[in-house]
Amino acid sequence: MTTPTQSLPRTLRASTAALLVVASMVGAGVFTTTGFLVRDLGAPLAVLLAWAVGGVVALCGALAYAELVTALPDNGGEYRLLGRIYHPAVGFVAGWISLIVGFSAPMAASALAFGEYLGRLFPEAALSPSLAGLALILGLALLHALRVRIGGAAQDLVTALLVAMIVAFIAAGLWVGDLRWLTAPAERSTLEALASPEFAVGLVFVSFAYSGWNAAAYLAGEIERPSESVPKALVLGTGAVALLYVGLNLVFLIAGPPAALAGVVEVGYVAALGLFGPTIGALMTVVVALGLLTTVSALMMAGPRVYEAMGADYPRLGALASRSGSARAGPTAAIVLQVAVASVMVLTAAFDELLAYMGLTLALSSALTIAGVFVLRRREPALARPYRTWAHPWTTSLALALMLWMAIHTVGSRPVTALVAAATALGGLGLYALLRPRAAA
């Protein structure tokens, strides 16, 4: 059951796809994770290396996805790819994971954090973070449901502004910061930290911050000249974000003593405050809020394409494939579904303890997709591949090895997290058994 969705106009440019990758990645994770890494690893250089390794994993994964998506250029991401490579049930589980873990939970987390940062900017307004987050989700849902090109243009503009502000912050931070904090006496040496189980678990948190590097894969059916545009968007977008992440975290780590960052959630604000004082600290709050806004917008663009593809394949989910009477509109019913799930999460805030669960689940789904390069090359050697993964099998194997290493250590240190991830997959299999057409049985 991996038939393509209805023919859609290819209205999204390569630049929009690349900026979508950037916007999907630069969100709450990079501005909150470093404090936990400093606390758990105890060595600033090890923290910086964790971000660098995370970038390597994401970039190697992007190279593999570029081959798969250009060979199978349709909307749906892992749902479409895994259903074709392995079995429709595997693709359905990936689509289910996308709904709960891949898009709705991060959207809810980013929207709620946006509301909290907005309240910090306007304390006199006494804004409710939940209501502000819901307003953001509903406003962006309307924008992306109205017209694909309008939503894409707005996404481009805000993301370009965000990147410019981050680059300016990195340049100013490198000018003012003190590099000696990187080598200051720490709880453990850099080598000890790198060899510890905490480093592997820390990479799971980092991988969650990097999640979104595969965003262009979800809209491959609406991107102009996908054989050229998708590889450029995936590789250039991921590479740019990896550089931004390493630069940002270098500035965070040279802003002051490591103890000032250990366990801190608002690490970006604390670092800006230490480097530049309260005025620029407030400006950093604007940067973070803007990053959260672009993340919610990117998730609103990418996620519903997965459920739309599932609706085209499964008659009982057929309503998800509707587009408000116009092919140039967004997938309205699928957007409504994601808004509903994310809104419930915003109101209950049940997701705030599930960061490791989301990172582990998404890493396993991505790893299974990356392994598909090996499977398809062996099973379908004659399949047209407009782009072939650079330095395969080395880059593909490196991504798989690092993801497996992270997963093994996370399962060992957080067995409950592993059980919840397994339960999510089993829930998806149960739904597949109920919803699959009779002919598929």
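The values are calculated or read from the model by the stated rules, or taken from the named source; none is laboratory data. Please read these numbers as outputs of a predicted model, since none were measured by experiment. Positions of Cβ are generated from backbone atoms using ideal geometry, with glycine treated the same way; all protein chains shown enter the neighbour counts.
Brief remarks on what is shown
- For Phe36: the one exception among (1) buried (at least 24 other Cβ atoms within 10 Å of the Cβ); (2) more than 20 Å from Tyr387 (Cα to Cα); (3) among the hydrophobic types (A, V, I, L, M, F, W, C): (1)
- Residues in segment 237-262 that are outside any helix (DSSP H, G or I) and at pLDDT below 90: Ala255, Gly256, Pro257, Leu261, Ala262.
- Of the set (1) part of a helix (DSSP H, G or I); (2) farther than 15 Å from Leu63 by Cα; (3) at pLDDT below 90, all apply to Asp352 but (1).
- Options Ala105, Ala94; residue that is under 24 Å from Trp213 (Cβ atoms), in contact with an Asp or Glu (Cβ under 8 Å, 6 or more places away or on another chain) and part of a helix (DSSP H, G or I): Ala94
- Of all residues in segment 250-267, at least one satisfies being under 21 Å from Val286 (Cβ atoms) and of a type in the set (D, E, K, R).
- One residue stands out among those in segment 110-138 that are more than 21 Å from the chain's Cα centre (by Cα) and closer than 17 Å to Val344 by Cα: the one that is modelled with the highest pLDDT, which is Ala135.
- Positions within segment 190-209 being more than 25 Å from Met25 (Cβ to Cβ) and either within 27 Å of the chain's Cα centre (by Cα) or surrounded by fewer than 14 Cβ atoms within 10 Å (Cβ to Cβ) (or both), in sequence order: Leu191, Ala195, Ser196, Pro197
- Each residue in segment 263-279 was checked for being over 23 Å from Pro185 (Cβ atoms) and not in a helix (DSSP H, G or I), and 3 pass.
- Verdict on Leu234 being aliphatic (A, V, I, L, M), part of a helix (DSSP H, G or I) and closer than 26 Å to Tyr357 by Cα: yes
Rundown of residues vs (1) basic (Lys, Arg); (2) over 28 Å from Leu81 (Cβ atoms); (3) in contact with a strand residue (DSSP E or B) (Cβ under 9 Å, 6 or more places away or on another chain), yes/no style:
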{"residue": "Gly115", "(1), (2), (3)": "no, yes, no"}
{"residue": "Phe122", "(1), (2), (3)": "no, yes, no"}
{"residue": "Ser128", "(1), (2), (3)": "no, yes, no"}
{"residue": "Leu134", "(1), (2), (3)": "no, yes, no"}
{"residue": "Ile137", "(1), (2), (3)": "no, no, no"}
{"residue": "Ala160", "(1), (2), (3)": "no, yes, no"}
{"residue": "Arg180", "(1), (2), (3)": "yes, yes, no"}
{"residue": "Ser189", "(1), (2), (3)": "no, yes, no"}
{"residue": "Ser196", "(1), (2), (3)": "no, yes, no"}
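- Among the residues of segment 167-177, just one is more than 27 Å from the chain's Cα centre (by Cα) and either loosely packed, with under 13 Cβ neighbours inside 10 Å or of a type in the set (Lys, Arg) (or both), namely Trp175.
- Just one of the numbered conditions (1) at pLDDT 85 or above; (2) closer than 30 Å to Arg84 by Cα; (3) surrounded by 24 or more Cβ atoms within 10 Å (Cβ to Cβ) is not true of Gly318: (3).
- One residue stands out among those in segment 271-291 that are within 24 Å of the chain's Cα centre (by Cα) and modelled with pLDDT under 85: the one that is surrounded by the most Cβ atoms within 10 Å (Cβ to Cβ), which is Gly291.
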